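Everything on this sheet refers to the single structure shown next.
What follows draws every value from the coordinates through simple rules; no lab data is involved. Fair warning: this is a prediction, and the values are worked out from it, not measured in the lab. Here the Cβ positions follow ideal geometry from the backbone for every residue, glycine too, while neighbour counts run over all protein chains shown.
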Amino acid sequence: MSQGVVSRRAPPRRRDPLGGAVICMLEAQEPDGAVPWFTGGPWDPWNHGECVMALAVAGEWDAARTGLDCLMARQGSDGAWLGEYGNMLPMADRLHMARVKPPAFRDANFAAYCAVVVWHFVTLTGEAEVARRYWPMVREAISFVLRLQHPQGDISWSQEAHGTSADDAVRAGCGSIHKSLDCALALADLVGEPQPAWRAAQARLGEALRSRPARFDRTADRSGFAMDWYYPMLGGALQGRAALDRLDADWDRFVEPGVGCRCVAEQPWATVAESCELVMTLVALDRRDQAAELLTWQDAHRDANGAYWMGWQFEEAIIWPEERPTWTQAAAILAHDALYDLTRASGVLVRHG
């Protein structure tokens, strides 16, 4: 594969293998740096952060830095962001998502992820001043998140739900927060403000993910979602033999051979983003051959310019929905970087501690 796609100098072109994915993100980016799901679509800080990292990997420095500044500018005084839940968008018709405002929440996972984005940028550029510039944003975000942690270690999915009948912890979100705390702790050490309380909180969260299943899915069963399957592994809470056992136990349930990872186990719908995150999970577990095969399958789910479609409904053999979310492009770029070590930040999402 050509490394020109993710050059640290030259921006990608349409002829590059991942150039279409990069252009899709750039075309959606707004003047203040925000990267919504698609033009006119929802915005949330987690998916925005994925795009910032992918743009940086692609050498689109101005777009990435503007995206980081947007993240800092949009942070609320409580350390959180109001993130729009695009997964709650209705369909405008059978094939397209509606361009309407979805509900917004102060989501704990959304808030924590800024630490990954900043640490990724620091690792990629080697610019320690980046850590100092964005450290107050990360410090306030993690403080917000840990106010939502229960004594048993799990973290409520949002400020709005915390302490109410809707209070619950989500394995995928908590798995991602576990990774965010890794990066936040690294940033804290780099700027000279060690946070032992954060390390203790991460240990409690990891123990909950490994040993306290009753603390999750208290209001709804999410075990059919692929992200709840692989995020405890991708986020580093589950490693070694336990992680491999979890991976293998549900592989056939979630992975459609030759297609990709189902978003939901019971539905004949494979999504590129989940497939690419599973690629990164495989890299983290040193299953690189398996990861390469899964990533290659995603080439079938691209448009004429090389941008990735959201997913493939394999019973009907149709693209569904006919959307090319920016975060799907970002996941593909980050998966290529993790698998092929294209930049110095290739290990940020797949190495732990």
Burial-style ranking of 47-55, 283-291, 160-168, average other-beta-carbon count within 10 Å with highest first, yields 47-55, 283-291, 160-168
Using a simple charge model, +1 on the beta-carbon of Lys and Arg, -1 on the beta-carbon of Asp and Glu, nothing else, what dipole does region 3-340 show about its Cα centre, in debye to the nearest 20? 620
Interchain or long-range residues, amide H under 5 Å from Ser158's placed H: Ala108, Asp168
Counting other beta carbons within 10 Å of each residue's own, what order do Leu247, Leu82 fall into, fewest first? Leu82, Leu247
Give me, ordered by chain and number, the residues 5 or more places off Arg302 or on other chains with an amide H under 5 Å from its own placed amide H. Trp309
Karplus ³J(HN,Hα) for region 50-65 (6.51 cos²θ - 1.76 cosθ + 1.60, θ = phi - 60°; Hz, whole; x = Gly/Pro) runs 4, 5, 4, 5, 5, 5, 5, 4, 7, x, 8, 5, 4, 5, 5, 5
Could you give me the ³J(HN,Hα) list for region 332-344, computed from phi with Karplus coefficients 6.51, -1.76, 1.60 and θ = phi - 60°, whole Hz, x at Gly and Pro? 5, 5, 5, 5, 4, 5, 4, 6, 9, 6, 7, 9, 5
³J(HN,Hα) across region 138-149 via Karplus (A = 6.51, B = -1.76, C = 1.60, θ = phi - 60°), whole Hz, x for Gly/Pro? 5, 4, 5, 5, 5, 4, 4, 4, 6, 5, 9, 7
So, in nm, how far is label Glu160 from label Tyr85 when the simple model puts each one 7 Å beyond its Cα toward the Cβ? 0.6
So what is log10(I(q)/I(0)) for the chain at q = 0.06, 0.08 1/Å, when the Debye sum runs over its Cα atoms only? -0.19, -0.34
Place a point 7 Å from the Cα of Asp221 along the Cα-to-Cβ direction; which residues of region 247-276 have their backbone N under 15 Å from it? 265-267
Residue-averaged 222 nm ellipticity for the chain, from DSSP H runs of 4+ at -39500 (n - 2.57), nearest 500: -15000 deg cm²/dmol
If you build the Cα gyration tensor of region 77-143 and take the root of 5 times each eigenvalue, what three semi-axes come out, in whole angstrom, biggest first? 32, 15, 8
By count of other Cβ within 10 Å, fewest leading, how are Val138, Val100 ordered? Val100, Val138
Is region 250-353 rounded, prolate or oblate when judged by the Cα gyration tensor, a ≥ b ≥ c being the square roots of its eigenvalues, rounded requiring a/c under 1.5 and prolate requiring a/b larger than b/c? oblate
